[in-house]
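Reading through the structure tokens given below for one structure.
The values are calculated or read from the model by the stated rules, or taken from the named source; none is laboratory data. The shown structure was predicted, so the numbers you read here are calculated from the model rather than taken from an experiment. Neighbour counts are summed over all protein chains in view; Cβ atoms, including those assigned to glycine, are modelled from backbone coordinates with ideal geometry. For accessibility, only protein heavy atoms count, side chains too; no ligands or nucleic acids. Shrake-Rupley method; radii C 1.70, N 1.55, O 1.52, S 1.80 Å.
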Amino acid sequence: MTPPPTEYDFDPTDWPTATALGQRMLADMMTYLEGVSDEASWQQIPETVKERMRAPLPQTGQPLEEIYAEFLRDVVPYNKKNIHPAFYAWVQGTGTVTGLLADMLASALNPNVTIGEHMPMYVDAQAVDWCKELMGFPAKASGMLVSGGSMANITALTVARNSQLGTDFREEGFGADMPRTTVYCSTETHSCVQKAVEILGIGNRYLRRVPVNDRYEMDHEALIRAIEEDIAAGHRPICVVATAGTVNTGAIDPMEAIFNICRRYGLWFHVDGAYGALCRLDPVYADRLAYMERADSIAFDLHKWMYLPYEVGCVLIRDRELHRRSFALTPAYLQSSDRGLAGGPEPLNNYGFELSRGFKALKVWMSLKENGVEGYARLIAQNNRQAEYVGGLAGATEGLVVVAPVSMSIVCLRYFRSGMTQLESNALNQELLLRLHERGIASPSSTVLGGIFCIRICIVNHKTKNRDLVRLVEALVEIGNELYRSV
Ligand SMILES: *Cc1c(COP(=O)(O)O)cnc(C)c1O
């Protein structure tokens, strides 16, 4: 046999040069992160730059150095900038320097953290155990780090459905003679719950949206009525999704009442805490979030209020065996052994849909060690106090009106002058938000509450300082006045 003629690989041809470039990249990014606070909070991308990102597929290679120069020229200046202290849009975390470094280290080791006897498996298990402690879940519960809240929610709802419908559900699916299964959530629930219910074959029509009170919290009396009606109609209620921190207004569904209702009707109690579950570390909110730790399952994000770089979320399931029964499957090529590389802990694909998994546990492990629970408690509480501060400033400022109760770290407000119609106010505030973005002052997002277009400020930002918030409120009034005078 003659060996294949060429021996080709993707390693650097010149390691010292590659190392120098890597060091430069890291140094550049540290400089960028250090200075980003002084930059505009957002910048419009010029058409020419977008045009360059529509090139044909490269057939031959080019030096990394050149590609990096292109990255610095075309990508970095037009970043989304949720790393900026004046970023308050949607629910998006800032990321940390430690997260950056940990992701770099994780990429270097590059383990597939699913199966086998290797230390990343144990780092992952440690990170998950700490997540249980953070949430007050028992040590014997099971959990998984996943890509985010959406994946965490669908994982939990899969276990909820399978557990409620019995052991042969995986084999048989929904039978024609089965009653319709129903799931309950509030009208404020995140859209990923609807997607999950659709994918799980339950059907959007059978996701009951229970009305909320004037604080946007689920009305538990209405929940009971909805369950009773479904039972009377011959349906099969299986699960209630309570939200700890709604995406619109940071509202908290009544955990204790929902827990008791689930007990009474034998329903699975799931908490979507993607945004707000970690808020239990703020003593001001601990009481209202009590009973969350008694849920059958909980989904929460670490790329939001743990400020970790994308992506990482966590799902916890109280009953490990039920979790396992929903996903465990061992094909011949995934068998583990007592010794050797395929030894080690139980393969993690027995607890979720995803097989290949990156080493996202490293940033969780490193960050929890570096900051301690104390560090997170302090910053989360700070973000909540900052939202209250913005609400207070806006409330005391002529021309600004807080539209929903400030809950957790979300403030929904608008510019408003008496005599304005809702249509005028909505148009003015939409334009106000665009100008705020385009002038690079701050990046809130928007929502609509009862027909009112609101500027929505959500602070899951470890870099925001009081002066940023004062500047935001000043800019809101300034641009608002400018627009008001021109109509
Ligand atoms: C962000 C969020 C989600 C979705 O989480 P992803 O990490 O974006 O997938 C679900 N529910 C709530 C309440 C959220 O805030």
Taking interchain pairs and intrachain pairs at least six residues apart, which have beta carbon atoms under 6 angstrom, with the first residue in segment 66-89 and within 19 Å of Arg54 (Cβ to Cβ) and the second open to solvent by less than 50 Å² (accessible area, probe 1.4 Å)? Asp74/Val49
Report, by residue number, each residue of segment 319-364 that is crowded, with 16+ Cβ neighbours inside 10 Å, touching a Ser or Thr at 6+ places or on another chain (Cβ under 9 Å) and part of a helix (DSSP H, G or I). Leu322, His323, Arg325, Ser326, Phe327, Leu348, Asn349, Asn350, Tyr351, Lys363
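Would you check if Val477 is β-branched (Val, Ile, Thr), open to solvent by 10 Å² or more (accessible area, probe 1.4 Å) and free of Cβ contacts under 8 Å to residues at least 40 places away in the same chain? Explain how you work it out, then say what you get.
Values: β-branched (Val, Ile, Thr): yes; open to solvent by 10 Å² or more (accessible area, probe 1.4 Å): yes; free of Cβ contacts under 8 Å to residues at least 40 places away in the same chain: no.
Criteria not met by Val477.
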With the checklist (1) open to solvent by 30 Å² or more (accessible area, probe 1.4 Å); (2) in contact with a Ser or Thr (Cβ under 9 Å, 6 or more places away or on another chain); (3) of a type in the set (Ser, Thr, Tyr) in hand, flag the one item Ser367 doesn't pass. (1)
Checking Ile199 against (1) within 15 Å of the ligand (Cβ to nearest atom); (2) crowded, with 20+ Cβ neighbours inside 10 Å, the condition it does not meet: (2)
Within segment 186-196, which residues are of a type in the set (S, T, N, Q) and surrounded by fewer than 20 Cβ atoms within 10 Å (Cβ to Cβ)? Thr187, Ser191, Gln194
Residue count, segment 94-129, condition assigned to a loop (DSSP other than H, G, I, E, B), surrounded by fewer than 16 Cβ atoms within 10 Å (Cβ to Cβ) and either hydrophobic (A, V, I, L, M, F, W, C) or modelled with pLDDT under 95 (or both), comes to 0
I'd like the full set of residues that are surrounded by fewer than 21 Cβ atoms within 10 Å (Cβ to Cβ) and either away from the ligand (no atom under 15 Å from the Cβ) or without any contact (Cβ under 8 Å) to a residue 24 or more places away in the chain (or both), limited to segment 294-317. Arg294
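Answer with yes or no whether Thr181 is within 16 Å of the ligand (Cβ to nearest atom) and surrounded by 14 or more Cβ atoms within 10 Å (Cβ to Cβ).
On the way: within 16 Å of the ligand (Cβ to nearest atom): no; surrounded by 14 or more Cβ atoms within 10 Å (Cβ to Cβ): yes.
Taking the combined requirement at face value, the residue does not satisfy it.
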Looking at this structure, is Thr60 closer than 30 Å to Ile380 by Cβ, of a type outside the set (A, V, I, L, M, F, W, C), surrounded by fewer than 18 Cβ atoms within 10 Å (Cβ to Cβ) and more than 16 Å from the ligand (Cβ to nearest atom)? no
Looking at Val487 and the list (1) open to solvent by less than 20 Å² (accessible area, probe 1.4 Å); (2) farther than 23 Å from Gln43 by Cβ; (3) of a type outside the set (Asp, Glu), which single condition is not satisfied? (1)
Out of curiosity, is Arg263 within 16 Å of the ligand (Cβ to nearest atom) and either open to solvent by 10 Å² or more (accessible area, probe 1.4 Å) or of a type in the set (A, V, I, L, M) (or both)? no
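Taking the stated definitions as given, is Leu289 open to solvent by less than 50 Å² (accessible area, probe 1.4 Å), more than 16 Å from the ligand (Cβ to nearest atom), among the aliphatic types (A, V, I, L, M) and within 26 Å of Ser147 (Cβ to Cβ)?
Details: open to solvent by less than 50 Å² (accessible area, probe 1.4 Å): yes; more than 16 Å from the ligand (Cβ to nearest atom): no; among the aliphatic types (A, V, I, L, M): yes; within 26 Å of Ser147 (Cβ to Cβ): yes.
Considered against the rule, which asks whether it is open to solvent by less than 50 Å² (accessible area, probe 1.4 Å), more than 16 Å from the ligand (Cβ to nearest atom), among the aliphatic types (A, V, I, L, M) and within 26 Å of Ser147 (Cβ to Cβ), Leu289 comes out as no.
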At pLDDT 95 or above, more than 13 Å from Val364 (Cβ to Cβ) and not in a loop (DSSP other than H, G, I, E, B) - does that describe any residue in segment 299-307? yes
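Among the residues of segment 150-177, count how many are in contact (Cβ under 8 Å) with a residue 24 or more places away in the chain and either among the charged types (D, E, K, R) or open to solvent by 60 Å² or more (accessible area, probe 1.4 Å) (or both).
Going residue by residue through segment 150-177, those that are in contact (Cβ under 8 Å) with a residue 24 or more places away in the chain are 150-165, 167, 170, 173-174.
Restricting the remaining residues to those that are either among the charged types (D, E, K, R) or open to solvent by 60 Å² or more (accessible area, probe 1.4 Å) (or both) gives 150, 161, 167, 170, 174.
Residues meeting the conditions: 5.
Table: residues versus (1) open to solvent by 60 Å² or more (accessible area, probe 1.4 Å); (2) over 29 Å from Leu433 (Cβ atoms); (3) at pLDDT 95 or above; (4) within 16 Å of the ligand (Cβ to nearest atom).
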| residue | (1), (2), (3), (4) |
| --- | --- |
| Asp11 | yes, yes, yes, no |
| Val75 | yes, no, yes, no |
| Asn82 | no, no, yes, yes |
| Ala86 | no, no, yes, no |
Can you tell me how many residues within segment 266-286 are in a helix (DSSP H, G or I), away from the ligand (no atom under 16 Å from the Cβ) and either among the hydroxyl-bearing types (Ser, Thr, Tyr) or within 19 Å of the chain's Cα centre (by Cα) (or both)? 1
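Take the conditions in a loop (DSSP other than H, G, I, E, B), open to solvent by less than 10 Å² (accessible area, probe 1.4 Å) and more than 16 Å from the ligand (Cβ to nearest atom) and apply them to Gly250. Does it pass? Full working, then the answer.
Working: in a loop (DSSP other than H, G, I, E, B): yes; open to solvent by less than 10 Å² (accessible area, probe 1.4 Å): yes; more than 16 Å from the ligand (Cβ to nearest atom): no.
Considered against the rule, which asks whether it is in a loop (DSSP other than H, G, I, E, B), open to solvent by less than 10 Å² (accessible area, probe 1.4 Å) and more than 16 Å from the ligand (Cβ to nearest atom), Gly250 comes out as no.
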Give me a count of the residues in segment 130-156 that are in contact with an Asp or Glu (Cβ under 6 Å, 6 or more places away or on another chain), assigned to a helix (DSSP H, G or I) and more than 16 Å from the ligand (Cβ to nearest atom). 0
Which pairs do you get when a residue that is within 24 Å of Pro254 (Cβ to Cβ), found in segment 193-211, comes within reach of a residue that is open to solvent by 40 Å² or more (accessible area, probe 1.4 Å) and among the acidic types (Asp, Glu), reach meaning Cβ atoms under 6 angstrom, with the pair 6+ apart or on two chains? Pro211/Asp219
